[in-house]
Amino acid sequence: MKKQYFLMLGLTIAMYSCAVRKSEPISGQVVDASDPRVKNGQRLYHAYCYKCHPSGETGLGPAVTSKPGFLTRFQARHGMGVMPAFSKDQLSRKDLKDIALYLKKLNKL
Amino acid sequence: MKKGILCLCVIASLAAQTGCYSTRPSRGGGQVAGTPGRQINAADIALPPGYRAEMVSSGLTFPAAATFDDKGNLYVVETGYSYGEVWKEPRLLKLDARGTKTTVATGGRNGPWTSIVYHQGAFYVSEGGALEGGKILMITPDGKQKALVTGLPSTGDHHTDHLVIRDGYIYFGQGTATNSGVVGPDNEAFGWLSRKQDFHDIPCRDIMLTGENFTSENVLTDAPDDVAVTGAFSPFGTPTKAGQVIKGRIPCSGAVMKIPLKGGDPELVAWGFRNPYGLAISPDGRIYVTDNSYDDRGSRPVWGTGDVLWELEEGKWYGFPDFAAGVSMTGKFRVPGKDEIKPLLQQYPGSPPKPVAVFAVHSSANGFDFSGNPAFGYAGSAFVAEFGDMSPGVGKVLAPVGFKVVRVDVKTGVIEDFAVNKGKKNGPASKLGRGGLERPLSVKFSPRGDALYIIDFGVLQMTEAGPKPLDGTGVVWKITKNKKP
């Protein structure tokens, strides 16, 4: 149990410390959105997430580029703290996966 | 059992990151201790590969917008007014290739001069009108001025904004008086409520109210326990009733209006904006508008609504004061720990359209222009100046937001950074201790479309006493594409 606790603590710290800037002027690249799923994730990210996490960076909310996909999906569906929850009517399971896929690509820049 | 513990750890981990929002301090870009200086170094600006930045002119005081005459000369307007109730002389300046400034015209104590367009031998300038009401001015190259329209409802929070010229008409934006439809103590903090005690938002068409009223400190009296009850679209201290009709009239607030090029009475184009700051015409002739969204301040604070890029559709209503980016605010966008947002209008004049793009909350997406030259790149995309947050006055942010130029694909709504400051963190140059962008307020492409000019307002510090702009810290930057990347 202790091991798992420290693992999660480490994960939390890593998520903060690894949240670096990924936008084109900084990384020199943009996300390749030729994959329709990445393109869909990019579009949805800008419609629902960007305003609080601009370019994946900290804004009104914390940075999101370095979060594992399953945490992104969990948080988007259930909300946490002040973040609103997005219902299945707003974002389907596939949509959430596409957003996580887009963020994974963004994080790799 | 183990899975349960792991699940709890995941939830705890997420809660650790998000649940403590209320206890975390605001870290806005203007929240700088002491007196920030202004270094200037174009090399501190990060751009996509193949582009370069250079400084064109510095030492400007509150520059807001730029234009070019038919010979390709560059002109800039200095506002002559800044939030923080700082009054200067508005100026129209000609900048030569070496950045030398020549004054073409000056204005009175009725700034801010927010916008300038050169058209067929004359300059057209929006005069914000913080004291006497907004105006659209025509200024000849020898400095002679003529007001084409006066008395625009600009003596509140937001002013007469950018203009564009199309088909013989001047289209211009007019901001609202308040944050979200109700005059409150925040308007006294802006500085205008004491001098314009009857001023309030004016609808463009008749509206019927829900009768929602708001009790606040009465900031117009010295009595310590005196309160004021204020309804929507009404003077401070004036309550409203359910079913009450507020007559619409023009000119109105929160609208895009137009006047003939030779001057005349304003006509309504579209309404229901909050602060339609930027207007620009796309290469295919459509007009787009940037709209600054709600703040967490005043009697009806709103949380978490991003600024918007709209396509302008004649006759449409865009949602103020009950919608944000086309979404109803009823039951949403509540400031953490505060009351739910209730509607102010009993019936809606229509359904707001879908936004083209939604910018970061408090980014202050303002003046913009379209790339029309494939040689510069991103042809058809909108380049938008983000002035940057004015936190904590407008609400809390966890890190500086804005302070950059972004480009928007108007077909998809995808926003990509274009010009930002280098470094591990985003923010204005003064906060980062570097020499790049401070507060970009507008952008303008050169007549050939091969260079993007960024008009950088300069340092605006957010202090406990309110906004504090610094004279002489404004800069004009130029971005070009290298011929050989």
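Points to keep in mind about this one:
- Set side by side, the residues A:Ala85, A:Ala100, A:Ala47 differ, and just one is at negative phi, in a helix (DSSP H, G or I) and more than 10 Å from chain B (Cβ to nearest Cβ), which is A:Ala100.
- Total residues in the range B:294-331, condition in contact (Cβ under 8 Å) with a residue 24 or more places away in the chain, within 14 Å of chain A (Cβ to nearest Cβ) and farther than 11 Å from B:Gly395 by Cβ: 8
- Scan of the range B:364-375 for residues that are away from chain A (no Cβ under 14 Å), under 22 Å from the mean Cα position of the chain (by Cα) and in a loop (DSSP other than H, G, I, E, B), ordered by number: B:Ser371
- Residue match in the range B:376-385 (condition: under 20 Å from B:Pro467 (Cβ atoms) and either within 20 Å of the chain's Cα centre (by Cα) or not acidic (Asp, Glu) (or both)): yes
- Looking only at the range B:401-421, and only at residues there that are surrounded by 18 or more Cβ atoms within 10 Å (Cβ to Cβ) and among the basic types (Lys, Arg), the one that is nearest to B:Thr35 (Cα to Cα): B:Lys404
- Contacts under 7 angstrom Cβ, first residue in the range B:21-33 being within 14 Å of chain A (Cβ to nearest Cβ) and over 13 Å from B:Ser391 (Cα atoms), partner exposed (fewer than 10 other Cβ atoms within 10 Å of the Cβ) and not basic (Lys, Arg), 6 or more apart: B:Ser22/B:Gly337
- Test: residue in the range B:339-353 that is modelled with pLDDT of 95 or more, among the aliphatic types (A, V, I, L, M) and within 22 Å of B:Lys411 (Cα to Cα): no
- Qualifying residue in the range A:4-26 (condition: acidic (Asp, Glu), modelled with pLDDT under 95 and closer than 25 Å to B:Val356 by Cβ): yes
- Output for the range A:80-90, where each listed residue is out of contact with any His (no Cβ under 7 Å at 6 or more places or on another chain) and either of a type in the set (Asp, Glu) or closer than 23 Å to B:Leu398 by Cβ (or both): A:Met80, A:Gly81, A:Val82, A:Met83, A:Pro84, A:Phe86, A:Asp89
- Inter-residue pairs, beta-carbon under 9 Å, first within 12 Å of A:Arg21 (Cα to Cα) and more than 7 Å from chain B (Cβ to nearest Cβ) and in the range A:50-72, second acidic (Asp, Glu) and buried (at least 23 other Cβ atoms within 10 Å of the Cβ), 6+ apart: A:Ala63/A:Glu57; A:Val64/A:Glu57; A:Thr65/A:Glu57
- Test: B:Pro49 is of a type outside the set (S, T, N, Q), surrounded by fewer than 14 Cβ atoms within 10 Å (Cβ to Cβ) and in contact with a Gly (Cβ under 7 Å, 6 or more places away or on another chain): yes
- Residue within the range B:12-23 that is assigned to a strand (DSSP E or B) and either crowded, with 19+ Cβ neighbours inside 10 Å or modelled with pLDDT of 95 or more (or both) present: no
- Pairs with Cβ under 6 Å, 6+ apart, first in the range B:227-247 and under 15 Å from B:Pro321 (Cα atoms), second part of a loop (DSSP other than H, G, I, E, B) and among the hydroxyl-bearing types (Ser, Thr, Tyr): B:Gly231/B:Thr240; B:Ser234/B:Thr240
- Residues satisfying the stated conditions in the range B:119-166, i.e. among the acidic types (Asp, Glu) and either more than 23 Å from the chain's Cα centre (by Cα) or assigned to a loop (DSSP other than H, G, I, E, B) (or both): B:Glu132, B:Asp142, B:Asp157
- Residue match in the range B:341-363 (condition: under 15 Å from the mean Cα position of the chain (by Cα), under 30 Å from B:Thr238 (Cα atoms) and not polar (S, T, N, Q)): yes
- Residue satisfying condition, being surrounded by fewer than 17 Cβ atoms within 10 Å (Cβ to Cβ) and modelled with pLDDT of 95 or more, within set B:Thr79, B:Thr155, B:Thr140, B:Thr114: B:Thr140
- Among strands (runs of 3 or more DSSP E) entirely within the range B:409-485, having at least 3 residues that are within 14 Å of chain A (Cβ to nearest Cβ) singles out B:414-421, B:474-481.
- Test: residue in the range B:55-62 that is over 30 Å from A:Arg73 (Cβ atoms), at pLDDT 95 or above and within 12 Å of chain A (Cβ to nearest Cβ): no
- Flag for B:Pro235 being in a loop (DSSP other than H, G, I, E, B), buried (at least 17 other Cβ atoms within 10 Å of the Cβ) and at pLDDT 95 or above: no
- Within the span defined as the range A:61-71, one or more residues are assigned to a helix (DSSP H, G or I) and either buried (at least 23 other Cβ atoms within 10 Å of the Cβ) or aliphatic (A, V, I, L, M) (or both).
Let's see how each residue does on (1) away from chain A (no Cβ under 14 Å); (2) within 22 Å of B:Asp450 (Cα to Cα):
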residue	(1), (2)
B:Ala42	no, yes
B:Pro49	no, yes
B:Ala64	yes, yes
B:Leu74	yes, yes
B:Trp87	yes, no
B:Lys94	yes, yes
B:Ala97	yes, yes
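- Residue within the range B:165-181 that is within 20 Å of B:Gly272 (Cα to Cα), of a type outside the set (S, T, N, Q), surrounded by fewer than 23 Cβ atoms within 10 Å (Cβ to Cβ) and free of Cβ contacts under 8 Å to residues at least 60 places away in the same chain present: no
The values are calculated or read from the model by the stated rules, or taken from the named source; none is laboratory data. Note that the structure is a prediction, hence the values are computed from the model and not measured. Here the Cβ is made from the backbone with ideal geometry for all residues, glycine too, and neighbour counts use every protein chain on show.
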